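All remarks here apply to the structure that follows.
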């Protein structure tokens with residue numbers, strides 16, 4: 001049995017409803033830095049004025065290689 005360690009942060013802490021968008025970053029720390037960046041703050045203001053949603057950061061694991 002494989003165990004996966006998954007680290008998540010919901011920003012803000014709400015549950016998503018009917019749409020999921022996936023954006024890949026090199027690391028969890030890169031994703032959090034992007035979220036806190038001045039560039040994203042501009043985009044976030046536009047996004048929040050036009051829609052509702054929740055950002056959930058998920059740190060995954062590399063898929064196991066085939067035997």
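The values are calculated or read from the model by the stated rules, or taken from the named source; none is laboratory data. Keep in mind the model is a prediction, meaning the values are calculated, not measured. In this analysis, Cβ positions are derived from the backbone assuming ideal geometry, glycine residues included, and neighbour counts consider all displayed protein chains.
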Subject >> Per-region count, segment 40-67, residues under 24 Å from residue 29 (Cβ atoms), at pLDDT 85 or above and either outside any helix (DSSP H, G or I) or out of contact with any helix residue (DSSP H, G or I) (no Cβ under 6 Å at 6 or more places or on another chain) (or both) >> reply: 7
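Kindly establish whether residue 31 is surrounded by 10 or more Cβ atoms within 10 Å (Cβ to Cβ) and at pLDDT 80 or above. Quick ask: steps written out before the conclusion?
On the way: surrounded by 10 or more Cβ atoms within 10 Å (Cβ to Cβ): yes; at pLDDT 80 or above: yes.
The answer is yes for residue 31.
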Original post:
Which ones in segment 9-26 are modelled with pLDDT of 80 or more and within 12 Å of residue 58 (Cβ to Cβ)?
Top reply: 22, 23, 24, 25
